[in-house]
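Any read-out appearing in this document is the output of simple, stated calculations on the displayed coordinates, not a laboratory observation. This is a predicted model, so every value here is computed, not measured. Here the Cβ positions follow ideal geometry from the backbone for every residue, glycine too, while neighbour counts run over all protein chains shown.
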Ligand code: C2E
Ligand code: CA
Ligand code: CA
Ligand code: CA
């Protein structure tokens with residue numbers, strides 16, 4: 001052990017140890033939560049700018065553990081991806097989303113439900129089959145399901161064929177795919193070229209700086225035009241104020257999602273919004 005600088009070495013390793021320990025605790029508690037189906041789902045509306053109607057809702061995972069408290073998705077999802085538990089979160093969210101979509105449809109509420117999937121989940125060769133099985137089990141028409149794929153990861157060569165095949169199979173069944181966080185990754189164009197994407201979700205970091213500069217405005221205007229030229233539905237996420245909505249509408253953006261419409265909420269609140277109360 002060194003004398004000088006010893007402190008900083010010790011404290012660094014303490015920090016690392018603490019982080020590793022938190023990860024291990026989260027993994028352990030998450031396993032339990034999944035077994036007991038102790039996760040929750042909130043829904044955030046997506047609004048069609050032409051009609052002013054809510055046409056879809058995004059399902060977002062929420063987890064409050066009795067020992068470690070609330071674990072936000074931004075912490076939870078990366079750990080779940082690392083540990084492989086993301087597949088189990090994915091199945092849980094899919095099943096809940098399908099059940100909810102069916103419940104709404106039976107009540108005359110016509111909403112698609114959009115779930116988040118990591119391309120990593122599609123590495124599993126049985127992904128498409130297990131999605132179709134869940135749709136069948138819950139009696140959910142495939143047309144009510146949307147799947148958001150993020151472009152955080154590059155497509156890996158070995159997995160590529162299997163991913164493309166499975167996504168095309170699901171598309172043939174009537175499921176729609178959205179490219180999430182558009183503009184932030186490094187694989188967007190490759191994704192768009194290879195995958196059956198129908199919706200482009202412009203990332204909220206662009207929207208949050210929309211009103212700040214003319215340059216950003218031209219950039220986003222260009223993104224919308226680009227999406228339209230590819231025959232895609234363009235959705236802007238993270239819309240918080242009216243001025244952002246107005247500008248996006250003037251660019252020809254199809255739909256918006258964000259606090260301006262609503263935060264992620266319980267199903268009951270979606271029903272109130274849908275019926276215009
Ligand atoms: P995302 O898919 O881009 O989801 C949008 C995030 O932005 C959500 O955060 C939402 O609550 C938040 N948001 C929505 N509107 C606004 C707004 O107007 N302003 C601001 N500042 N934020 C807004 P959340 O729920 O914390 O989720 C974070 C990320 O975690 C998601 O980003 C998604 O990548 C991931 N995630 C959440 N749930 C799931 C899930 O069930 N499965 C997977 N694989 N990932 C999930
Ligand atoms: Ca998303
Ligand atoms: Ca997003
Ligand atoms: Ca995001």
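Annotation: the stretch 237-277 has a Kirkwood hydrodynamic radius of 11.1 angstrom, from the mean reciprocal C-alpha pair distance. Relative to its Kirkwood radius, the Cα radius of gyration of the stretch 193-234 gives an Rg/Rh of 1.03.
Relative to the longest principal axis of the Cα atoms of the chain, helix 157-173 runs at roughly 40 degrees. Considering every alpha-carbon pair of the stretch 170-277, the percent of pairs per 10 Å bin, from zero through the bin containing the longest distance, is 14, 42, 32, 12, 0. Bridges between two residues of the stretch 178-277, per DSSP, are antiparallel at a rate of about 0%.
Counting only DSSP beta bridges with both residues in the chain, the antiparallel share comes to about 40 percent.
Applying D = kT/(6 pi eta Rh) to the stretch 121-160, where Rh is the Kirkwood radius over alpha-carbon pairs, T corresponds to 20 °C and eta to 1.002 mPa s, the Stokes-Einstein value obtained is 181 µm²/s. Helices in the chain, meaning DSSP H runs of at least 4 residues, each add -39500 (n - 2.57). Divided by all residues, the mean residue ellipticity at 222 nm is -16000 deg cm²/dmol.
For the pair residue 65 and residue 260, a Förster radius of 25 Å applied to the C-beta separation gives a FRET efficiency near 0.20, rounded to the nearest 0.05. Testing the spin-label approximation: label points 7 Å from Cα along Cα→Cβ at residue 243 and residue 214. State their distance in nm. Distance between the two pseudo-spin positions: 1.6 nm. Percent of Cα pairs in the stretch 1-128 per distance bin of 5 Å, from zero to the largest separation: 2, 9, 16, 16, 15, 12, 10, 7, 5, 3, 2, 2, 1, 1, 0. Extending 7 Å from Cα along the Cβ direction at residue 250 and again at residue 139 yields two label points whose distance is 4.9 nm. Which one, 159, 128, 59, has the greatest fluctuation when you compute a Gaussian network model over the chain with C-alpha springs under 10 angstrom? Its mean-square fluctuation being the largest, the pick is 159.
The shape of the chain can be summarised by an equivalent ellipsoid whose semi-axes, obtained from the alpha carbon gyration tensor, come to 32, 25, 21 Å from longest to shortest. Let me make sure I get this right: for the stretch 63-212, a, b and c are the square roots of the gyration tensor eigenvalues over alpha carbons, sorted descending. Under 1.5 in a/c it's rounded, otherwise prolate if a/b > b/c, else oblate. Which is it? It is rounded, given that a/c, with a ≥ b ≥ c, falls under 1.5.
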